[in-house]
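Have a look at the structure below, then the notes.
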Amino acid sequence: MTDPHEVHASDSDLSAYLDAELDAAARCRVENHLAACPRCAARLADFRHLAAEFARLPRESLGCDLAGVIAGRLAEEARPRPRVHASGWRGLLPLGFGAAASVALGIAMGAVLFGGGAALPRMAAMSVFDPIPPGGLCPGLDACYARGADMTGAFK
Amino acid sequence: MADDDKGTNQRMDDADEALALRAQAGDRQAFAQLVRRHQERVFRFVLRMLGSREEAMDLTQETFLKAYRALPGWRPEARFATWLFQIARNATLDQLRRRQLVEFVPLDADAPGEAACEPHDAAPLPEERLADRQRIGLLERALGALPAGQREILLLRELEDMSYAEIAATLGVNEGTVKSRLARARAAALAHYRHHAGESPDDRSA
Ligand SMILES: [Zn+2]
């Protein structure tokens, strides 16, 4: 092999070395070079430092369970329902409330679907206007829309 | 990766597979379980890609709705988690295109030290925590300055801890491409990081 100082390790080899994704021969080659080359060792340290910074990023959380919401939306799509409910309530809501409303509706309908109850679509639709989710399936609802604390009041 | 982790991952994959098969057969409870198992991961990825909680919440829902509709096409040979991330990733890129977003919108451009989505806290922070938040803000800005393709591969590797094989499957590229794209993304992130910090993240000179 050539003098290690003449050919530096590539970024992609250093990066893959950090991730333990090199095969044995390549790993050996990189390790030998690193032992002799402060510049590549420093580059590897930079990559390692970046990875450590990522590990410090806060773990953002949904703050609620979407399973009910999704079940509700699937049911909404699958089931032929009276038109009144299909377009009526959505039209009543101010802009931007769609997401929050669909969360609430989903919780209601999710309770129907996953809770095994046989509630009527009308009941589910009406509960959209109830700020307290039925069954308390999503205790973190407020957390989902932290800035919308004032929005829940508008549902009354 | 430790054998324990591999064992845990394998058990999780097996459980996913069993649930996905049941969901395919029409078991909605099983699909709800899949949502619960994966919603936080999908949300975290989408949020870091888009920068907006509300959009991320909607897109996380969209991802699972799309997954449900695509479920008949899922085969047990594909890891469910990888398959789901493909859907999340495509939905995210579609959304970025819909926004016609060339540059990522930082979570809060005027307050780079602020953690995302948290109301402003006027109370003085302990010095150590303030420094932490500034560092987090720096990384978030560096991440935000990258093109979507570099941002996503960094997130999949650094936050989701995916192997190159998993990333390759998620992005639909080969592992060689993962290796080179990830290295470029890391180099670009470091360059932005230095640019914003005005110094190297370590104490090394140039
Ligand atoms: Zn070197």
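The values are calculated or read from the model by the stated rules, or taken from the named source; none is laboratory data. Keep in mind that what you see is a predicted model, and the values were worked out from it rather than measured. Please note: Cβ atoms are built from the backbone with ideal geometry, for glycine as well, and neighbour counts cover all protein chains shown. Each accessible area value is taken on the protein alone, full model and side chains, heavy atoms only, with ligands, DNA and RNA left out. Shrake-Rupley method; radii C 1.70, N 1.55, O 1.52, S 1.80 Å.
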* To do: Of all residues in the range B:21-67, count the ones that are within 20 Å of A:Ala75 (Cβ to Cβ) and among the aliphatic types (A, V, I, L, M).
  => 9
* To do: Kindly indicate whether any position in the range B:83-91 is at pLDDT 95 or above and more than 16 Å from B:Glu166 (Cα to Cα).
  => yes
* Asked: Looking only at residues in the range A:12-31 that are open to solvent by less than 50 Å² (accessible area, probe 1.4 Å) and among the charged types (D, E, K, R), which one is nearest to the ligand (Cβ to nearest atom)?
  -> A:Asp13
* Could you list, in sequence order, the residues of the range B:128-167 that are part of a helix (DSSP H, G or I), open to solvent by less than 10 Å² (accessible area, probe 1.4 Å) and under 16 Å from A:Ala20 (Cα atoms)? -> B:Leu154, B:Leu156, B:Tyr164, B:Ile167
* Out of all the residues in the range B:32-45, is one or more open to solvent by 20 Å² or more (accessible area, probe 1.4 Å) and in contact with a helix residue (DSSP H, G or I) (Cβ under 6 Å, 6 or more places away or on another chain)? -> yes
* Which numbered condition A:Phe54 misses (of (1) assigned to a loop (DSSP other than H, G, I, E, B); (2) within 11 Å of another protein chain (Cβ to nearest Cβ); (3) modelled with pLDDT under 95) -> (1)
* Those residues of the range A:32-48 which are more than 10 Å from the ligand (Cβ to nearest atom) and not basic (Lys, Arg), in sequence order -> A:Asn32, A:Ala35, A:Ala45, A:Asp46, A:Phe47
